[in-house]
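In what follows, a single structure is set out as structure tokens and then discussed.
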Amino acid sequence: MAELANLNRERLLERFLRYVKVNTTANAETDEYPSSQGQWELGKIVLGELQELGAEDAHVDDYGLVWGMIPGNVEGASTIAWNSHLDTSPETTGDNVKPQVIESYEGGDIPLPGDESKIITVAESPELKELIGKTLITTDGTTLLGGDDKAGIAIIMEAANYLMEHPEIPHGPIRILFTCDEEIGRGVNHVDIEKVGAVAAYTLDGGGAGDIDVETFSADGLTVKVKGVNIHPSIAKDRMVNALRAAGAFLERLPADQAPETTEDRAGFIHPYVLDGGVAEVTIKILLRDFDTAQLEVKADLVRGIASQVEQDYPGISIDVDHQKQYRNMADGLPKEPRAVEFAKQAHDQLNLEYRLSSIRGGTDGSMLTEKGLPTPNLSSGQHTQHSPLEWACLDEMIQQGQVLIQTAVIWGQN
Ligand SMILES: [Zn+2]
């Protein structure tokens, strides 16, 4: 059995608290990259720390991505990469995060001090039962925490620092990359895979501890434009064609049993999530999700079929369906480098830690990196109830994941 790296607990916690206080909320309304100033700010803080701990090639590029390199000390070992993202979800504000540290959690529900209606309950977070005595970090209930994915950044930074302080630990070169705007689907838009220069990578962006995510959804989007004819209602008889009525019929006919609110496990879905417009034109945006990539086209065909039925039933209406590719199931690309998952499993075994190979009903930067040719499974990082004011993180799980990361690097150094 391998020894657990004795990571600096205080320093890891301090890093995490420092990072979550920077507002890095992603903003899908702008085309700027990164989409928020705070991502530059956090990038600069992290860059300073990378330089301080002795990383090579530490820099922030023109797109706000933060790069660094932990040099290897084993001749000829392959380069691997560690990745997490600087931005946080726009679903809940990340402005003025006031983290609350609970040392030695005693069990039970956790009321949040800034909003009495916000309580983290054991019923909704049953994993709390396993974490009695551990250190938890919550918000005050008025913002998200940003453990997604600043827990990942803190773990990677602490693991990197540890390896630099312990030159006796053998490992290959480790490329560090922190990306921007993952939460709005732009995480790898400006990632140059050649520049990463790794044979495999790990994203630290999963919940809890011990998960190795080896499968994600495949994802496409549809933009549906329903066009009618607008004219003043006073003279509208036999002339107006109301796009809103057709859009209502269209939405009604989407299969209710293929929705995120009615599916789980391996079932995919068709999810209308934006409706915008008026009598002349309505735009509906739809997410298509499935573990089986080929099913995305089946779902798109189903939507196109409903659109043409509505056109027939509402004379004068025309409906365009535009289909955009988003990301692909990482399981499609991981077999290219089977060691990526294999060595993560071995690391858990060698440290006598349990792991689960899991599928996520969503995507990660790793889905897109894998598709671009860099096999990238996702690892746990101690996050819980992401994107919400009830978000929390567990320091002990973060430490464990740092130990897994280091052990994985050691195994890569032996191969
Ligand atoms: Zn994330």
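The values are calculated or read from the model by the stated rules, or taken from the named source; none is laboratory data. Computed from a predicted model, the values in this text were never measured in an experiment. All Cβ positions, even for glycine, are placed from backbone atoms using ideal geometry, and neighbour counts span all protein chains on display.
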For this session: Please identify the pairs in which a residue from the stretch 307-335 that is on the phi > 0 side of the Ramachandran plot has its Cβ atom under 7 Å from the Cβ atom of a residue that is of a type outside the set (Phe, Trp, Tyr), counting only partners at least 6 apart or on another chain.
Result: 316/228; 316/229; 316/241
For this session: Note down all Cβ pairs under 9 Å where the first residue falls in the stretch 130-152 and is without any contact (Cβ under 8 Å) to a residue 24 or more places away in the chain and among the β-branched types (Val, Ile, Thr), the second is in a loop (DSSP other than H, G, I, E, B) and within 16 Å of the ligand (Cβ to nearest atom), and they're at least six residues apart or on different chains.
Result: none
Exercise. Exactly one of (1) within 14 Å of the chain's Cα centre (by Cα); (2) assigned to a loop (DSSP other than H, G, I, E, B) is unmet by residue 168. Its number?
Worked result: (1)
For this session: Go through the stretch 1-37 residue by residue and tally those that are over 24 Å from residue 402 (Cα atoms) and more than 18 Å from the chain's Cα centre (by Cα).
Result: 5
Exercise. Conditions: (1) at negative phi; (2) outside the structural domain of residue 233 (by TED's automatic domain parsing). Residue 352 meets all but one. Number of the miss?
Worked result: (1)
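On the given criteria, is residue 408 hydroxyl-bearing (Ser, Thr, Tyr), crowded, with 24+ Cβ neighbours inside 10 Å and either more than 17 Å from residue 215 (Cβ to Cβ) or away from the ligand (no atom under 16 Å from the Cβ) (or both)? Steps first, please.
Values: hydroxyl-bearing (Ser, Thr, Tyr): yes; crowded, with 24+ Cβ neighbours inside 10 Å: yes; either more than 17 Å from residue 215 (Cβ to Cβ) or away from the ligand (no atom under 16 Å from the Cβ) (or both): yes.
Yes; evaluated as a whole, the condition is true for this residue.
If I ask for residues that are among the charged types (D, E, K, R) and either more than 13 Å from residue 332 (Cα to Cα) or within 14 Å of the ligand (Cβ to nearest atom) (or both), which ones from the stretch 357-379 would you list? Don't jump to the end; show me each part of the working.
Residues of the stretch 357-379 among the charged types (D, E, K, R): 361, 365, 371-372.
Answer for the stretch 357-379, where residues must be among the charged types (D, E, K, R) and either more than 13 Å from residue 332 (Cα to Cα) or within 14 Å of the ligand (Cβ to nearest atom) (or both): 361, 365.
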For this session: Go through the stretch 381-415 and give me each residue that's of a type in the set (Asp, Glu) and over 17 Å from residue 130 (Cβ atoms).
Result: 391
Problem set entry | Single condition residue 383 does not satisfy, out of (1) within 16 Å of the ligand (Cβ to nearest atom); (2) within 22 Å of residue 346 (Cβ to Cβ) | (2)
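Among 91, 116, which is farther than 30 Å from residue 339 by Cα, touching a His at 6+ places or on another chain (Cβ under 6 Å) and assigned by TED's automatic domain parsing to the domain that holds residue 368? Full working, then the answer.
Numbers: 116 fails: touching a His at 6+ places or on another chain (Cβ under 6 Å).
Answer to the selection: 91.
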Exercise. If you take just the strands (runs of 3 or more DSSP E) that sit entirely in the stretch 183-271, which of them hold at least 2 residues that are crowded, with 16+ Cβ neighbours inside 10 Å and within 16 Å of the ligand (Cβ to nearest atom)?
Worked result: 200-207, 211-216
Seminar exercise, completed: Within the stretch 147-170, the residues that are crowded, with 24+ Cβ neighbours inside 10 Å, away from the ligand (no atom under 16 Å from the Cβ) and acidic (Asp, Glu) are 158
Exercise. Hey, among the residues in the stretch 274-315 that are part of a strand (DSSP E or B) and in contact with a Lys or Arg (Cβ under 6 Å, 6 or more places away or on another chain), which one's modelled with the lowest pLDDT?
Worked result: 274
